[in-house]
Amino acid sequence: MAKKKTQGRAPGKAASAKAVKNTIAKSGTKASQTKVALKTTKKKTTFSLHAPDAAKVFAAGCFNDWSPTATPLEKDKEGTWTCAVLLEPGEHEYRFVVDDVWWDDPLNRMRRWTEFGCENCILIV
């Protein structure tokens, strides 16, 4: 009995972006759906810092162009500051800004030296 040739990708292989576009184009669906199919999903990520004596805390990093005031954290009764941010999957560098002073995240040991003589904390999403 002759083997039947099958079409499509090999088992276990993910479809490429080009293959997804071609499939959508052939099926007659709108081009805007291509963007949805290829769009990366952002993940909710929580920043947290215990600083009970602080008056204001912000997260600054590559996700907000290192703005020292763009991403404020809120303080709870125990003095822990938190905020949730939607981040793209991948590596992100950040630091905290506590009462206008740049701080490292004491709970994050992944660091990278900068040209400014300090370390940025590394977060993998």
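The values are calculated or read from the model by the stated rules, or taken from the named source; none is laboratory data. Everything numeric in this text was worked out from a predicted model, so none of it was measured. Ideal geometry is used to build each Cβ from the backbone, glycine not excepted, and the neighbour counts take in all protein chains shown.
Scan region 61-68 and give yes if some residue there is touching a helix residue (DSSP H, G or I) at 6+ places or on another chain (Cβ under 6 Å) and either of a type in the set (Gly, Ala, Ser) or within 15 Å of residue 45 (Cβ to Cβ) (or both), otherwise no.
No, region 61-68 contains no residue that is touching a helix residue (DSSP H, G or I) at 6+ places or on another chain (Cβ under 6 Å) and either of a type in the set (Gly, Ala, Ser) or within 15 Å of residue 45 (Cβ to Cβ) (or both).
Go through the residues of region 103-122 one by one and say whether even a single one is within 15 Å of residue 72 (Cβ to Cβ), of a type in the set (Asp, Glu) and modelled with pLDDT of 95 or more.
Looking through region 103-122, none of the residues is within 15 Å of residue 72 (Cβ to Cβ), of a type in the set (Asp, Glu) and modelled with pLDDT of 95 or more.
Considering only region 34-67, how many residues are among the polar types (S, T, N, Q), at pLDDT 50 or above and assigned to a helix (DSSP H, G or I)?
Summing the residues that are among the polar types (S, T, N, Q), at pLDDT 50 or above and assigned to a helix (DSSP H, G or I) in region 34-67 gives 1.
Taking the options 30, 77, name whichever one is of a type in the set (D, E, K, R) and at pLDDT below 95.
Values: 77 fails: at pLDDT below 95.
The conditions single out 30.
Name the pairs whose Cβ atoms lie under 6 Å apart, with the first residue in region 45-62 and touching a residue at least 12 places away in the same chain (Cβ under 8 Å) and under 16 Å from residue 88 (Cα atoms), the second part of a loop (DSSP other than H, G, I, E, B) and of a type in the set (A, V, I, L, M, F, W, C), and 6 or more positions between them or separate chains?
45/125; 60/66
Please go through region 67-121 and pick out each residue that is free of Cβ contacts under 8 Å to residues at least 40 places away in the same chain, among the aromatic types (Phe, Trp, Tyr) and surrounded by 12 or more Cβ atoms within 10 Å (Cβ to Cβ).
Residue satisfying the conditions is 81 alone.
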